[in-house]
Amino acid sequence: MPFASGRSYWWYLLPGLALITVIVLVPLVWNVYLSFTEYRGIIAPRWIGLDNWTRLFEDERFWMSFRNSIGMVIAMVVVPTLLGLVLAAALFDVVGRKFGGRLASFLRATYYLPQILPSVVAAIVIGWILRPENGALNTILEAVGLGSLAGNWLGNPDTALLSIMVVLVWIQIGYPVVIFMAALQRVDPELYEAAELDGAGWFHRFRAITLPMIRPEVFVVALTCTIAALKVFGPVYALTGGGPNNATIVPSYYSYQQFFQSQQVGYGAAIATALTVVIVIVSIVFVWAQNRSERKEAQL
């Protein structure tokens, strides 16, 4: 039979490889090439060597965008992962066992709901809530006698980044909850029952059973969320446009500005390429850390 050969599966991979080549690899190579050129999208690119990269390393806005990315990592990785661990363990170990799996599933879906909304739509809704004049947040603060705390949350450089971070936590929290609850399905419930009979409280069961059992999923969530945080674009575009005074600018939005607003395509390509390099390095570090953790665990 023609498909009896062990190499026949390559034929099934060809459509996917062709799509990856056309959609990912070719644009990536073209983008790297443009980062060494002066190009405004009209005339042919002109090779200028490392001029864009020299400008990049001296650009304060570029470094500010990466500093703001630290806030995005906190909002999309650190806080959701920690809260997701606690919520998933509570839903699985407490709510699911005492009130039934249906309630736990309903709450899980509730947490995940913001994930299925387009990020721009979610950001617009939050923007209505944070309006300085008639936004819901300021209205509530005034209604409870805390009108002095009301402010222009997205228009103040001191609060704009924090406001976007809160939005991102709300959007992102459902993803780790779903992943961790799925991982907990493979944990033998008798482990929790035995630990509870021995007098272990919820926190001790969480530390001794939950965390070790879902460690691989923690690495996966941390890696995927870190990549998403480094390339976040939609909420910044919809809520602040990188302002005020570049207080919320991030690398992806800065690259967009150079591409489409300033028409400095070569410089925008350099920013995008630098961001890609950072994401690749972060991915390699995460994979190395996960493999190292698995080797240590196998040696125990």
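The values are calculated or read from the model by the stated rules, or taken from the named source; none is laboratory data. Computed from a predicted structure; not experimentally measured. In this analysis, Cβ positions are derived from the backbone assuming ideal geometry, glycine residues included, and neighbour counts consider all displayed protein chains. Note: areas computed on protein heavy atoms with side chains; ligands, DNA, RNA excluded. Shrake-Rupley method; radii C 1.70, N 1.55, O 1.52, S 1.80 Å.
The table that follows gives values for the structure above.
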{"quantity": "Enumeration of residues in the range 259-271 that are touching a strand residue (DSSP E or B) at 6+ places or on another chain (Cβ under 9 Å) and open to solvent by 30 Å² or more (accessible area, probe 1.4 Å)", "calculated": "Gln264"}
{"quantity": "Where a residue in the range 279-296 is on the phi < 0 side of the Ramachandran plot and its partner, wherever it lies, is of a type in the set (Ser, Thr, Tyr) and in a helix (DSSP H, G or I), with Cβ under 8 Å and at least six apart", "calculated": "Val282/Thr226; Phe286/Thr226"}
{"quantity": "Restricting the range 146-171 to residues that are among the small types (Gly, Ala, Ser) and closer than 27 Å to Gly84 by Cα, the residue that is nearest to the chain's Cα centre (by Cα)", "calculated": "Ser163"}
{"quantity": "Qualifying positions in the range 123-152 - among the hydrophobic types (A, V, I, L, M, F, W, C) and in contact with a Pro (Cβ under 7 Å, 6 or more places away or on another chain)", "calculated": "Ala123"}
{"quantity": "Counted residues, the range 54-63 - those being over 19 Å from Leu230 (Cβ atoms) and either hydroxyl-bearing (Ser, Thr, Tyr) or surrounded by 12 or more Cβ atoms within 10 Å (Cβ to Cβ) (or both)", "calculated": "2"}
{"quantity": "Where a residue in the range 228-247 is closer than 10 Å to Ile124 by Cα and its partner, wherever it lies, is open to solvent by less than 30 Å² (accessible area, probe 1.4 Å) and not in a helix (DSSP H, G or I), with Cβ under 7 Å and at least six apart", "calculated": "Leu239/Leu154"}
{"quantity": "Hits in the range 81-104 - residues which are open to solvent by less than 50 Å² (accessible area, probe 1.4 Å), free of Cβ contacts under 8 Å to residues at least 24 places away in the same chain and either touching a helix residue (DSSP H, G or I) at 6+ places or on another chain (Cβ under 6 Å) or over 19 Å from Leu191 (Cα atoms) (or both)", "calculated": "Val95, Gly96"}
{"quantity": "Residue match in the range 131-148 (condition: in a loop (DSSP other than H, G, I, E, B), touching a Gly at 6+ places or on another chain (Cβ under 9 Å) and either surrounded by fewer than 14 Cβ atoms within 10 Å (Cβ to Cβ) or in contact (Cβ under 8 Å) with a residue 24 or more places away in the chain (or both))", "calculated": "no"}
{"quantity": "Residues that are without any contact (Cβ under 8 Å) to a residue 40 or more places away in the chain and part of a loop (DSSP other than H, G, I, E, B), drawn from the range 43-57", "calculated": "Ile43, Ala44, Gly49, Leu50"}
{"quantity": "Odd one out for Ser69, checked against (1) open to solvent by 50 Å² or more (accessible area, probe 1.4 Å); (2) within 28 Å of Leu162 (Cβ to Cβ)", "calculated": "(1)"}
{"quantity": "Identity of the residue in the range 14-31, within 23 Å of the chain's Cα centre (by Cα) and aliphatic (A, V, I, L, M), that ends up most open to solvent (accessible area, probe 1.4 Å)", "calculated": "Ile23"}
{"quantity": "Tabulated pairs, the range 258-272, first touching a residue at least 40 places away in the same chain (Cβ under 8 Å) and under 8 Å from Arg40 (Cα atoms), second open to solvent by 30 Å² or more (accessible area, probe 1.4 Å) and aromatic (Phe, Trp, Tyr), C-beta under 8 angstrom, 6+ apart or interchain", "calculated": "Val265/Tyr39; Val265/Phe259; Gly266/Phe36; Gly266/Tyr39"}
{"quantity": "Some residue of the range 150-162 being outside any helix (DSSP H, G or I) and exposed (fewer than 14 other Cβ atoms within 10 Å of the Cβ)", "calculated": "yes"}
